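Undergrad: Here it is: the structure, laid out below.
Laboratory data are not the source of any read-out in this text; all were calculated from the coordinates shown. Just so it is clear, the model here is predicted, and its values are computed rather than measured. Glycine gets a Cβ as well: all are built from the backbone with ideal geometry, and neighbour counts include every protein chain shown.
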């Protein structure tokens with residue numbers, strides 16, 4: 001199972017290297033990584049997606065707490081969250097396929113950010129499932145390049161679990 005970890009750290013040189021080193025020494029892969037300033041000056045939030053069972057993730061969290069500069073580690077996998085990624089995708093485009101591509105991109109609320117003679121570049125923001133879906137839909141045109149950020153996530157203070165709402169929409 002994939003777990004999403006939210007880690008608050010002091011914003012100092014080498015913190016990310018120590019965290020990555022901890023994972024590498026233990027043979028764990030980080031599938032997604034996003035780092036940026038948090039709400040408080042001098043603090044950064046690291047959002048990681050890591051494969052493993054619950055016991056493994058708990059052990060990794062304990063190891064993270066042993067590192068200096070790590071302030072808080074939270075496994076937010078099963079907590080109601082807002083999750084987003086950003087993807088830029090360059091797709092082959094001809095004069096005969098552009099209108100269909102633009103119609104399909106509107107379904108995903110993707111924005112065209114570059115137009116060339118033989119390609120369109122889209123900006124897509126959303127949850128990881130949306131990224132997979134638009135890649136599948138536009139792959140028939142030929143994808144030239146993809147660049148994705150790591151997942152960023154914040155806990156929903158409202159406690160509303162949108163995944164639960166989607167699954168039970170007919171209720």
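Undergrad: Relative to the first principal axis of the alpha-carbon coordinates of the chain, what is the inclination of helix 54-66, with its axis defined by its Cα atoms, in degrees from 0 to 90 and to the nearest 10?
TA: 60 degrees
Undergrad: Compute the acute angle (0 to 90°) between the alpha-carbon long axis of helix 15-25 and the principal axis of greatest extent of the alpha-carbon atoms of the chain; round to the nearest 10°.
TA: That helix lies at roughly 90 degrees to the long axis.
Undergrad: Further, regarding this structure: Sort 71, 104 so the one with the fewest other Cβ atoms within 10 Å of its own Cβ comes first.
TA: Least crowded to most crowded, the residues run 71, 104.
Undergrad: Now for a different question. With the contact rule set at Cα under 8 Å and sequence spacing of 6 or more, what percent relative contact order holds for the range 4-73?
TA: Result for the range 4-73 is 46 percent.
Undergrad: Estimate the FRET efficiency between residue 78 and residue 140 by the formula 1/(1 + (r/R0)^6), using the beta-carbon distance for r and 35 Å for R0, to the nearest 0.05. Display every interim value, and only then the final one.
TA: Working: r = 35 Å, r/R0 = 1.01.
Computed FRET efficiency for residue 78 and residue 140: 0.50.
Undergrad: While we're here: Find the relative contact order for the range 81-153 and round it to a whole percent, using C-alpha pairs within less than 8 Å whose residues are 6+ positions apart.
TA: Reported relative contact order: 52 percent.
Undergrad: Also, quick follow-up: So what's the gap between the Cα centers of the range 128-162 and the range 74-103, to the nearest angstrom?
TA: Between the Cα centres of the range 128-162 and the range 74-103 lies a distance of 5 Å.
Undergrad: Still on this structure, I have one more. D for the range 2-75, whole µm²/s, Stokes-Einstein with Kirkwood Rh over alpha-carbon pairs at 37 °C and 0.692 mPa s: what number?
TA: The estimated diffusion coefficient comes to 268 µm²/s.
Undergrad: Turning to a different aspect of this structure: How would you rank 46, 30, 107, going from fewest to most other Cβ atoms within 10 Å of each one's own Cβ?
TA: Details: 46 24, 30 16, 107 10.
Result, fewest neighbours first: 107, 30, 46.
Undergrad: Counting only C-alpha contacts under 8 Å and six or more residues apart, can you give the relative contact order of the chain as a whole percent?
TA: Computed value for the chain: 26 percent relative contact order.
Undergrad: Ok, one more. Compute a Gaussian network model of the chain, connecting alpha carbons closer than 10 Å, and tell me which residue from 41, 56, 149 fluctuates the most.
TA: In this elastic network of the chain, the residue with the biggest mean-square fluctuation among 41, 56, 149 is 41.
Undergrad: Can you bin every Cα-Cα distance in the range 81-153 into 10 Å intervals starting at zero and give me the percent of pairs per bin, rounded to whole numbers?
TA: 20, 57, 19, 4, 0
Undergrad: Per DSSP helix of 4 or more residues, -39500 (n - 2.57); summed, then divided by the residues of the chain. What does that give at 222 nm, rounded to the nearest 500?
TA: Details: 5 runs with 51 residues, N = 171.
Rounded to the nearest 500, the figure is -9000 deg cm²/dmol.
Undergrad: Calculate how steeply helix 98-107 sits against the longest principal axis of the alpha-carbon atoms of the chain, using the helix alpha-carbon long axis, and give the answer as 0 to 90 degrees to the nearest 10.
TA: Tilt of helix 98-107: around 40 degrees.
Undergrad: Let me ask something else. Would you order 112, 91 from fewest to most other beta-carbon atoms within 10 Å of each residue's own beta-carbon?
TA: By the 10 Å Cβ count, ascending: 112, 91.
Undergrad: Top mean-square fluctuation among 75, 53, 127, Gaussian network model of the chain, C-alpha springs under 10 Å?
TA: Residue with maximal mean-square fluctuation among 75, 53, 127: 53.
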